[in-house]
Amino acid sequence: MDRLLGEIIQSKDNFVCKHTGEELLLIPLKDNVADFNQYLVLNELGAYIWDLLDSQSTFGYLHEKVYAEFEVSSTQLKTDLEQFIVSLHQYTCKQ
């Protein structure tokens, strides 16, 4: 998971982000132009995770932060966080 997170973090500069209430729009940049045909909407939790991502982020760090902020069992969070990271990686690293 940490390898995927590293690749996601490296690709963050290729996206423009726009908070719209509790959601976050991720819009890819192509040749420094926003591609509004390919945007992704993250809910409150997804936006929270995206905002946490920096060069020091690990799966354990994200798990700890989300667990402290949201009401969820540790086991369910682990499963959901793994699925989210895989999906986010597929979106951010295919660009």
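Computed from the coordinates by the stated procedures, all read-outs in this text should not be read as laboratory data. Predicted model, so just to flag it, every value in this text is computed and none were measured. Positions of Cβ are backbone-derived with ideal geometry, glycine not excepted, and every protein chain shown enters the neighbour counts.
The table for this structure:
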item: Hits in region 34-50 - residues which are under 18 Å from Gly21 (Cα atoms), without any contact (Cβ under 8 Å) to a residue 24 or more places away in the chain and not hydrophobic (A, V, I, L, M, F, W, C); result: Tyr39, Asn43, Glu44, Tyr48
item: The listed residue being touching a Phe, Trp or Tyr at 6+ places or on another chain (Cβ under 6 Å) and either closer than 20 Å to Ile9 by Cβ or among the aromatic types (Phe, Trp, Tyr) (or both), out of Leu25, Leu62, Leu45; result: Leu25
item: Boolean, Asp51 is surrounded by 11 or more Cβ atoms within 10 Å (Cβ to Cβ) and over 14 Å from the mean Cα position of the chain (by Cα); result: no
item: Any hit, region 7-28, residues being outside any strand (DSSP E or B), out of contact with any Ser or Thr (no Cβ under 7 Å at 6 or more places or on another chain) and closer than 14 Å to Ser87 by Cα; result: yes
item: Condition check for Ser57: surrounded by 15 or more Cβ atoms within 10 Å (Cβ to Cβ), touching a helix residue (DSSP H, G or I) at 6+ places or on another chain (Cβ under 7 Å) and part of a loop (DSSP other than H, G, I, E, B); result: yes
